[in-house]
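Reviewing the structure listed below.
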């Protein structure tokens, strides 16, 4: 019997967990990410919690998996984040191996989330899935025929950065009209803020939830108000769902996977997201091209990447045992 | 030493060829498809030419590969064409095995084209490619990590039927605004005919090539006139290239393959297609997401699917020898 360590480094929260040999979660520490603390602060927290969890483990801890919320050069096992100070070209796996004394594998959070859902969540029993994480931005990861598929440059799954409109706004990536500028949490909140200012009467419930300040409106509030029947909020949800459906139709037509798993913060809206997305995909579908890809909600919620990190660690442990 | 038979059944032409053990083309018979003759006529031609080519072969013919220009249920090795009379649920491989006495494998033309280019054409030396065939419609096939990827329902690669506009026309598939309604040969010809009628002065060279009749304008004539500098034709080419680029950006962002190989009749336009497509992709790209997927022209021209069929036959021969 053995256990493994799993780490999920996100921009908002980070998590360090202990998992058993079948990928069951035994213990998890979850805390807010102190952004100003940078890399050194984060590494210190990970080390501290890892030591503590190992002490509590009933079985030897054999490996470590890390999900990183930013670009990872998987073959080199290196974080390549350009946006976050201190992380550029950081040899993450080597650091963990030296500091924790554990064989370690690191992947980005979208791929880790895909691996987590595939092995332990909504992807179980399928051969090929696309996992999409919808939160501040939109990311995605592939499992094809049971294995992660990362592409030539490790950039496969970047659904959020498909340019879908010449007349869209400039995206955080520098491109124009990327899908995520239409249906990420950020995009939904922005549109809701605009509508709440222009037509407060159609967004009364949203404004109530945001304590009257249009600038505080969040995507979660929009989904809640929409599910309570507010017309303005429902309009924004339908519009976002339609853009998302357009993106998912690309996934279905290009790869015809068994399942598409919706994860990330926005997917916490549950059926309030899933139903309009399915409806829009149905409408856009073709009567003669009947792909049977299922669209489902993630089962592991915020923990999809952490479970994926545990899966990576278990893969490593299986190789070395 | 051994040879194999390859068959390509297309709506316009069909081909039966003899290939050697390294996939070199030894002999090919190519004739127009007599559509009214239906399935029986086609099978008779294939049988006739297969017998004739085998008699001329210097080495034993060990297997047969067939590319079919329509939907194929690969696991069942059955043609499932709904549109062409007589082919529905036809057990193509079994027919060839019984009639020709050869182990046979059948696939649709897009997958066969992908396999042909991957093994013997513009995809050599890469691990993962997307092959797109642009002619009457738009089809595509995947080779991922060296193997064909067909998807859950055998529908992976259907780039042509991604809905890209709510305000588009109804597609042959019954959907609305599919990509192929914007940049297939059919779409290019239709747009050119409209422009030639509305603004004949901008399409003088196109009209000359079509002997003065706007209704006879073809996509090939549009590319030729565009390359000679005609403004109307160049406008239509740029517009089609831009839509195609939009589709290829989906391929790059979702799968980040090594190469995208442009095949089919429209790709015969060569650089007149490739250059505006590359330029539009460059424009749409992101300064921070630098996928290195190459976009190249098919090397086997009309014969991509036939070579793919030969590849399928060689795979079978390798298994059975």
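The values are calculated or read from the model by the stated rules, or taken from the named source; none is laboratory data. For clarity, every value in this text was computed on a predicted model and none was experimentally measured. Glycine also receives a Cβ, built like all others from the backbone with ideal geometry; neighbour counts cover every protein chain displayed.
Is it true that residue A:209 is more than 14 Å from every other protein chain (Cβ to nearest Cβ) and free of Cβ contacts under 8 Å to residues at least 60 places away in the same chain?
yes
Quick check, is residue A:55 closer than 25 Å to residue A:141 by Cβ and modelled with pLDDT of 95 or more? Quick ask: steps written out before the conclusion?
On the way: closer than 25 Å to residue A:141 by Cβ: no; modelled with pLDDT of 95 or more: yes.
Here the answer is no, as residue A:55 does not meet what is asked.
What are the residues in the range A:144-156 that are more than 7 Å from every other protein chain (Cβ to nearest Cβ) and at positive phi, if any?
A:145, A:146, A:154
If you go through the range A:247-297 one residue at a time, how many are assigned to a loop (DSSP other than H, G, I, E, B) and either within 14 Å of chain B (Cβ to nearest Cβ) or touching a helix residue (DSSP H, G or I) at 6+ places or on another chain (Cβ under 7 Å) (or both)?
Total meeting the criteria: 12.
Is the range B:213-222 home to any residue that is at positive phi and in a helix (DSSP H, G or I)? Before you say what the answer is, go through the steps one by one.
Restricting attention to the range B:213-222, the residues satisfying the condition of being at positive phi are none.
The answer is no, given that none of the residues of the range B:213-222 is at positive phi and in a helix (DSSP H, G or I).
Is one or more of the residues making up the range B:165-173 within 8 Å of another protein chain (Cβ to nearest Cβ), under 19 Å from the mean Cα position of the chain (by Cα) and not in a helix (DSSP H, G or I)?
Taking every residue of the range B:165-173 in turn, at least one turns out to be within 8 Å of another protein chain (Cβ to nearest Cβ), under 19 Å from the mean Cα position of the chain (by Cα) and not in a helix (DSSP H, G or I).
Would you mind stating whether residue A:151 is surrounded by 17 or more Cβ atoms within 10 Å (Cβ to Cβ), without any contact (Cβ under 8 Å) to a residue 40 or more places away in the chain and not in a strand (DSSP E or B)?
yes
If residue B:87 meets every condition in (1) over 21 Å from residue A:246 (Cα atoms); (2) within 14 Å of chain A (Cβ to nearest Cβ); (3) surrounded by fewer than 24 Cβ atoms within 10 Å (Cβ to Cβ) apart from one, which number is that one?
(2)
Scan the range B:111-138 residue by residue and report those that are without any contact (Cβ under 8 Å) to a residue 60 or more places away in the chain and within 14 Å of chain A (Cβ to nearest Cβ).
Within the range B:111-138, B:125, B:137 qualify.
Given the residues A:74, A:14, which is the only one that is surrounded by fewer than 22 Cβ atoms within 10 Å (Cβ to Cβ) and at pLDDT 95 or above?
A:74
Do the conditions hold for residue B:240, that is, is it within 14 Å of chain A (Cβ to nearest Cβ), part of a helix (DSSP H, G or I) and over 20 Å from residue B:14 (Cα atoms)?
Here the answer is no, as residue B:240 does not meet what is asked.
Which of the residues spanning the range A:210-253 are over 21 Å from the mean Cα position of the chain (by Cα) and closer than 30 Å to residue B:257 by Cβ?
Matches in the range A:210-253: A:253 only.
When you look at residue A:194, is it surrounded by fewer than 24 Cβ atoms within 10 Å (Cβ to Cβ) and at pLDDT below 95, yes or no? If you could, list the steps in order and put the result at the bottom.
Working: surrounded by fewer than 24 Cβ atoms within 10 Å (Cβ to Cβ): yes; at pLDDT below 95: no.
When the stated conditions are applied, residue A:194 does not pass them.
Which of the numbered conditions does residue B:225 fail, given that it passes all the others? Conditions: (1) crowded, with 19+ Cβ neighbours inside 10 Å; (2) more than 9 Å from chain A (Cβ to nearest Cβ); (3) touching a residue at least 24 places away in the same chain (Cβ under 8 Å).
Every listed condition holds for residue B:225 apart from (3).
Please work out which one of (1) surrounded by fewer than 19 Cβ atoms within 10 Å (Cβ to Cβ); (2) touching a residue at least 12 places away in the same chain (Cβ under 8 Å) is the condition residue B:290 fails and give its number.
Here residue B:290 clears every test but (2).
With the checklist (1) within 20 Å of the chain's Cα centre (by Cα); (2) surrounded by 13 or more Cβ atoms within 10 Å (Cβ to Cβ) in hand, flag the one item residue B:34 doesn't pass.
(2)
Against the conditions (1) more than 28 Å from residue A:198 (Cα to Cα); (2) modelled with pLDDT of 95 or more; (3) not assigned by TED's automatic domain parsing to the domain that holds residue A:30, where does residue A:290 fall short? Just the number, please.
Tallying (1) more than 28 Å from residue A:198 (Cα to Cα); (2) modelled with pLDDT of 95 or more; (3) not assigned by TED's automatic domain parsing to the domain that holds residue A:30, residue A:290 fails exactly one: (2).
All but one of (1) without any contact (Cβ under 8 Å) to a residue 24 or more places away in the chain; (2) surrounded by fewer than 23 Cβ atoms within 10 Å (Cβ to Cβ); (3) more than 8 Å from chain B (Cβ to nearest Cβ) hold for residue A:181; which doesn't?
Exception for residue A:181: condition (2).
Within the range A:273-287, take every residue that is buried (at least 21 other Cβ atoms within 10 Å of the Cβ) and under 19 Å from the mean Cα position of the chain (by Cα) and give me the one that is farthest from residue A:188 (Cα to Cα).
Restricting to residues being buried (at least 21 other Cβ atoms within 10 Å of the Cβ) and under 19 Å from the mean Cα position of the chain (by Cα), the top hit is A:277.
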